[in-house]
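Everything on this sheet refers to the single structure shown next.
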Amino acid sequence: MDIITAVLTRRSASALGAPAPGDEEFRYLLKGAATAPDHGRLRPWRWILVRGDGLTAVADCLADEDPAADREQLVSSVVRAPLKAMLVFTPHVGHRIPEWEQLAAASTMTYSLMLLLHGRGYSSKWRTGRLCTSEALRVRLGLAEQERLLGALDIGTPDPSAVPSARRAPMDVSDRVAVFG
Ligand SMILES: Cc1cc2nc3c(=O)[nH]c(=O)nc-3n(C[C@H](O)[C@H](O)[C@H](O)COP(=O)(O)O)c2cc1C
């Protein structure tokens, strides 16, 4: 698949089944994704891979924190893909490269990873919400004080019957470009 085809055909998918990349394949793809622009080459991020019982543990963690929430719904919202790759932002605090640039590097790497996953027939969806705000989850995953959860990539193989409905035409963004001078 050439690059423009990969960019134009990648879509976030909610219905994700097995297989998902194994740990070694994830590391292989990440090596590629980590070539994304990164001012200062700080690699201000890390991933925590969660599967199987780990997914249930994440869901339990969120549910325990919010007893008013519908536990069943919460569990199914977490355990809906075979792999949840939790994205941890690990900023170099006080560094000459400002934090917003480090955040941009983490985001750029993540999109590269999504494209590489797509190129190998997988799909992914970036999920945020409670995953980013739960203190219980931070503790359970062992985050350091300066680290921050940027959510997770749900990763798996897209349900072929669900792909057409998720496909959208690229937006017209010609008005987002100005020519100066
Ligand atoms: C930083 C970020 C956070 C996101 N969080 C969520 C989320 O919590 N739930 C969700 O359904 N989609 C989430 N998305 C996915 C977007 O909704 C999705 O990318 C968008 O609808 C465009 O769809 P596409 O990726 O198929 O082009 C997030 C995307 C980004 C970049």
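The values are calculated or read from the model by the stated rules, or taken from the named source; none is laboratory data. As the structure is a prediction and not an experimental result, all values here were calculated from the model. No Cβ is skipped: glycine too gets one built from the backbone with ideal geometry, and neighbour counts run over all protein chains shown.
Remarks
- Identity of the residue in the range 141-177, at pLDDT below 95 and in contact with a Gly (Cβ under 9 Å, 6 or more places away or on another chain), that ends up surrounded by the most Cβ atoms within 10 Å (Cβ to Cβ): P158
- Pair list, Cβ < 6 Å and 6+ apart or interchain, from the range 1-27 residues that are at pLDDT below 95 and in a loop (DSSP other than H, G, I, E, B) to residues that are polar (S, T, N, Q) and within 16 Å of the ligand (Cβ to nearest atom): A13/S123
- Positions within the range 12-67 being touching a strand residue (DSSP E or B) at 6+ places or on another chain (Cβ under 9 Å), hydroxyl-bearing (S, T, Y) and farther than 28 Å from A105 by Cα, in sequence order: none
This table checks each residue for (1) polar (S, T, N, Q); (2) assigned to a helix (DSSP H, G or I); (3) within 14 Å of the ligand (Cβ to nearest atom); (4) buried (at least 16 other Cβ atoms within 10 Å of the Cβ).
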| residue | (1), (2), (3), (4) |
| --- | --- |
| L87 | no, no, yes, yes |
| V93 | no, no, no, no |
| R96 | no, no, no, no |
| S124 | yes, no, yes, yes |
| V139 | no, yes, no, no |
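- When we screen L103, L137, L143 for residues that are farther than 21 Å from I3 by Cβ and touching a Cys at 6+ places or on another chain (Cβ under 7 Å), the only hit is L137.
- In the range 68-79, the condition of being over 17 Å from T35 (Cα atoms) and touching a strand residue (DSSP E or B) at 6+ places or on another chain (Cβ under 8 Å) is met by at least one residue.
- Take the conditions (1) away from the ligand (no atom under 16 Å from the Cβ); (2) among the small types (G, A, S); (3) closer than 18 Å to G22 by Cα; A152 misses just one of them, which is (1).
- Every listed requirement among (1) without any contact (Cβ under 8 Å) to a residue 12 or more places away in the chain; (2) polar (S, T, N, Q); (3) touching a helix residue (DSSP H, G or I) at 6+ places or on another chain (Cβ under 8 Å) is met by S161 save one, (3).
- Hits in the range 60-76 - residues which are surrounded by fewer than 18 Cβ atoms within 10 Å (Cβ to Cβ) and either among the small types (G, A, S) or farther than 29 Å from G17 by Cα (or both): A68, A69, S76
- Filtered residues of the range 43-85 (kept if in a loop (DSSP other than H, G, I, E, B), without any contact (Cβ under 8 Å) to a residue 40 or more places away in the chain and of a type in the set (G, A, S)): G52, A68, A69
- Tabulated pairs, the range 95-116, first touching a residue at least 24 places away in the same chain (Cβ under 8 Å), second surrounded by fewer than 16 Cβ atoms within 10 Å (Cβ to Cβ) and in a helix (DSSP H, G or I), C-beta under 6 angstrom, 6+ apart or interchain: L115/A6; L116/G32
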